[in-house]
């Protein structure tokens with residue numbers, strides 16, 4: 001199952017904040033930041049269980065994260081990935097001459113994967129270095 | 001005399017977010033040099049203090065990467081290698097500085113100047129646009145104490161303090177009693193503007209849903225309506241004309257309004273122009289009532305980095321020293337832009353984690369070149385560094401000054417000693433400057 | 001016309017800052033003296049001759065024509081502050097080309113990077129490709145930008161072009177940008193600049209315009225809510241006297257700045 005024409009927002013969550021202070025290379029951080037929160041009704045269209053890995057793609061890259069149902073909805077058409085190395089695979093690096101990348105508002109699409117592996121932070125960066 | 005096994009520190013300042021809470025209580029096991037209990041801090045602050053305890057994630061000795069694996073070395077050897085990397089580079093980048101105290105930031109400026117390097121801090125990816133806007137149109141600002149005591153209308157625009165500044169609402173903006181707001185929450189009207197119905201929005205009095213990336217048009221429509229122009233459109237950015245007119249009425253009739261704004265405005269398209277128009281709106285509202293604004297700074301001392309850089313160089317971030325004097329131009333000398341063009345050939349990362357927080361393509365280029373990390377514990381940046389210089393946690397293991405989001409300076413406390421051979425960021429940078437000066441023959 | 005030819009002979013590993021390449025700096029010098037002029041390669045202070053072959057000379061500023069060949073897409077600040085003469089660049093060029101120029105003419109036969117023509121006070125800057133962001137704009141912290149002169153961009157300009165442009169009726173100075181199409185925030189904080197776009201523009205055109213004239217012959221993605229439709233016109237007369245014939249809808253604004261305003265956007269029907 002897949003969803004298209006979504007808008008991806010990124011940002012802080014308290015869990016991501018707690019996890020990053022506890023160690024950005026821990027499993028706790030993966031569970032806090034390697035997730036994508038969907039609007040309740042949008043999620044039904046994906047037809048999968050919460051926690052299933054999904055692939056989020058934008059014009060700037062793609063990343064596999066765990067799916068969750070948002071507690072900050074309704075926000076149909078919007079998905080949210082907490083800030084961190086996972087969301088940074090898919091944000092817009094262009095600053096339009098201002099110095100600050102465009103971390104929010106990218107057009108995105110999501111696909112449920114049969115065999116998707118969510119990488120931890122270090123493996124994600126390692127993969128980036130080797131690409 | 002019974003020796004005290006547990007020492008309690010009062011009025012400790014929390015080194016996490018820009019709210020810079022100054023009422024924490026910390027219990028330290030004196031013998032073990034460990035934090036054993038925290039009171040008053042939020043979840044994140046608590047975690048930070050506990051994470052300073054010796055554990056598998058803390059660096060205790062300097063390390064150098066040799067053939068893919070790390071070996072522990074002496075400070076002298078590590079600093080020597082770091083100095084060599086920086087001197088050899090033709091366009092080195094000194095980045096970070098937001099999670100350390102002001103004296104260390106000041107040393108960073110000195111080092112950048114000696115090296116002819118690029119000097120930047122995390123404002124570059126965060127509230128840099130706010131600074132750009134302030135440089136264009138000024139900013140009506142005040143301090144958190146004033147907002148706590150006076151504001152009867154509080155607006156969070158593109159900001160979600162429940163998640164990012166957990167105690168802000170309880171200490172300054174929503175649930176606290178103020179001198180003129182004696183009934184606390186009931187004396188305030190809270191508005192949240194956000195594309196999502198965030199947890200902050202869920203407890204507000206009015207939630208305005210705005211389309212992502214269309215905040216500028218909404219602010220523009222509000223300003224025009226305030227000036228007495230009736231807009232032609234029926235709806236702007238997902239908000240109806242009636243809602244806009246109603247909102248303008250609320251704004252004008254407040255006794256004292258404040259807009260707290262965050263990444264929803266700085267990190268979306270239009271960046272600093274969102275802030276520019278928000279500032280102009282606030283300025284124009286002062287024709288009718290008292291209105292101010294406040295950027296919700298993320299790191300506890302990014303405001304301090306901007307202060308220190310500014311009073312030393314004239315500029316707050318994205319500074320280039322390559323021609324022997326300070327020049328400023330975000331977009332040209334900002335870290336992400338430089339890294340995207342692969343223009344940097346060595347980096348010194350101090351008290352920050354760009355591998356986690358920069359777009360992937362820039363991180364990839366950053367790791368193509370030597371990287372020195374001054375960091376207390378393992379992060380995705382330090383885990384791939386060529387030289388790791390272990391630092392003490394400022395605000396926990398060493399004193400210093402930090403600036404709150406409203407630019408009030410507060411003195412950080414030291415509640416315990418740093419473990420192992422950790423040194424403070426300031427000490428590390430001072431020793432690095434010595435090495436560099438010596439090698440350059442000064 | 002006295003030509004001075006520059007040819008890039010070594011590829012730079014870091015951006016070059018070549019603010020010494022101006023007709024003002026070259027006039028009256030021999031090729032050997034021009035080669036000794038200083039430029040920056042990253043943080044290294046080097047000589048122009050380290051990166052360029054130089055030939056020719058000129059004794060009259062007005063007659064001086066500098067022709068640059070080779071890929072100078074990483075060369076910043078070409079023509080900075082020049083007051084006369086001409087520069088022809090036969091490739092893409094780096095940031096800040098023609099910044100603060102007061103007279104003379106620069107032609108870029110390629111694309112220009114950000115900040116082309118920034119703080120311009122006179123002369124003509126022609127870009128025969130696309131241009132980056134902040135074309136004809138003010139530098140950070142300045143509240144007056146381009147004061148006079150003409151910029152012509154055949155292709156697209158990026159965001160925030162003509163930021164803080166400032167005209168002067170008493171001095172008859174009308175900073176003007178002609179471009180093929182434009183990104184967002186065209187003419188932001190405009191204080192009298194004139195902009196004519198042959199094609200389409202992105203959002204927030206004329207944001208915070210205090211006064212000025214923006215003519216769009218293509219389409220606008222959406223006009224700001226603070227602009228009010230006035231009516232239709234068959235012709236637009238620009239402050240510099242030029243007349244553009246065609247059916248346009250006239251909008252006044254930016255009304256978030258002023259309730260009454262002489263600022264105008266004209267959009268082709």
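Brief remarks follow.
- Checked against the criterion of being free of Cβ contacts under 8 Å to residues at least 24 places away in the same chain and more than 30 Å from residue A:39 (Cα to Cα), the candidates B:177, B:185 yield just one match: B:177.
- Scanning region B:354-382 for residues that are facing chain A (nearest Cβ under 7 Å), assigned to a helix (DSSP H, G or I) and either touching a strand residue (DSSP E or B) at 6+ places or on another chain (Cβ under 9 Å) or in contact (Cβ under 8 Å) with a residue 60 or more places away in the chain (or both) turns up B:355, B:357, B:360, B:361.
- As for region B:196-204, it holds at least one residue that is surrounded by fewer than 19 Cβ atoms within 10 Å (Cβ to Cβ) and not in a loop (DSSP other than H, G, I, E, B).
Conditions (1) surrounded by fewer than 20 Cβ atoms within 10 Å (Cβ to Cβ); (2) within 14 Å of chain B (Cβ to nearest Cβ); (3) assigned to a strand (DSSP E or B), marked per residue:
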| position | (1), (2), (3) |
| --- | --- |
| A:16 | no, yes, no |
| A:31 | yes, no, no |
| A:48 | yes, no, no |
| A:63 | no, yes, yes |
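- In region A:77-95, the residues that are more than 7 Å from chain B (Cβ to nearest Cβ) and either under 9 Å from the mean Cα position of the chain (by Cα) or in a loop (DSSP other than H, G, I, E, B) (or both): A:77, A:79, A:81, A:82, A:86, A:87, A:90, A:94
- Among residues of region C:115-136, those that are more than 20 Å from residue C:73 (Cα to Cα) and either within 14 Å of chain A (Cβ to nearest Cβ) or part of a loop (DSSP other than H, G, I, E, B) (or both), counted: 2
- Criterion (modelled with pLDDT of 95 or more and crowded, with 22+ Cβ neighbours inside 10 Å) met by exactly one of C:148, C:161: C:161
- The set of residues in region B:309-338 being farther than 13 Å from residue C:76 by Cβ, within 9 Å of another protein chain (Cβ to nearest Cβ) and touching a residue at least 60 places away in the same chain (Cβ under 8 Å) consists of B:317, B:318, B:321, B:324, B:330, B:334, B:335, B:336.
- Test for residue C:51: is it under 30 Å from residue B:342 (Cβ atoms), more than 14 Å from chain B (Cβ to nearest Cβ) and out of contact with any helix residue (DSSP H, G or I) (no Cβ under 6 Å at 6 or more places or on another chain): yes
- Residue in region B:323-336 that is farther than 29 Å from residue B:407 by Cα and not in a helix (DSSP H, G or I) present: yes
- Yes/no for residue A:22 being at the interface with chain B (Cβ under 10 Å from one of its Cβ atoms), farther than 17 Å from residue A:123 by Cα and in contact with a helix residue (DSSP H, G or I) (Cβ under 6 Å, 6 or more places away or on another chain): yes
- Any hit, region B:272-292, residues being within 18 Å of the chain's Cα centre (by Cα), buried (at least 23 other Cβ atoms within 10 Å of the Cβ) and either in the same structural domain as residue B:137 (by TED's automatic domain parsing) or in a helix (DSSP H, G or I) (or both): yes
Yes or no, residue by residue, for (1) farther than 30 Å from residue B:238 by Cβ; (2) touching a strand residue (DSSP E or B) at 6+ places or on another chain (Cβ under 8 Å):
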position: A:22; (1), (2): yes, no
position: A:27; (1), (2): yes, no
position: A:35; (1), (2): no, yes
position: A:54; (1), (2): no, yes
position: A:58; (1), (2): no, yes
position: A:61; (1), (2): no, no
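- Lone qualifier among B:56, B:99, B:124 - being part of a loop (DSSP other than H, G, I, E, B) and either in contact with a helix residue (DSSP H, G or I) (Cβ under 7 Å, 6 or more places away or on another chain) or modelled with pLDDT under 95 (or both): B:56
- Residue within region B:96-103 that is within 14 Å of chain C (Cβ to nearest Cβ) and surrounded by 24 or more Cβ atoms within 10 Å (Cβ to Cβ) present: no
- Every residue from region A:97-131 that is in contact with a strand residue (DSSP E or B) (Cβ under 8 Å, 6 or more places away or on another chain) and facing chain B (nearest Cβ under 7 Å): A:101, A:102, A:103, A:104, A:105
- Scope region A:96-131; condition touching a helix residue (DSSP H, G or I) at 6+ places or on another chain (Cβ under 8 Å), in a loop (DSSP other than H, G, I, E, B) and on the phi < 0 side of the Ramachandran plot; matching residues: A:98, A:100, A:101, A:103, A:104, A:118, A:119, A:120, A:131
- Scanning region C:216-269 for residues that are assigned to a strand (DSSP E or B), loosely packed, with under 15 Cβ neighbours inside 10 Å and away from every other protein chain (no Cβ under 14 Å), we see that the one that is farthest from the chain's Cα centre (by Cα) is C:232.
- Candidate set: region B:214-237, residues that are in contact with a helix residue (DSSP H, G or I) (Cβ under 8 Å, 6 or more places away or on another chain) and not in a helix (DSSP H, G or I); chosen: the one surrounded by the fewest Cβ atoms within 10 Å (Cβ to Cβ): B:234
- You will find that of B:77, B:25, B:32, B:37, the residue that is out of contact with any helix residue (DSSP H, G or I) (no Cβ under 6 Å at 6 or more places or on another chain) and under 29 Å from residue B:440 (Cα atoms) is B:77 and no other.
The values are calculated or read from the model by the stated rules, or taken from the named source; none is laboratory data. Note that this is a predicted model, so its numbers are computed, not measured. Methodologically, a virtual Cβ is constructed for each residue, glycine included, from the backbone with ideal geometry; neighbour enumeration extends over all protein chains shown.
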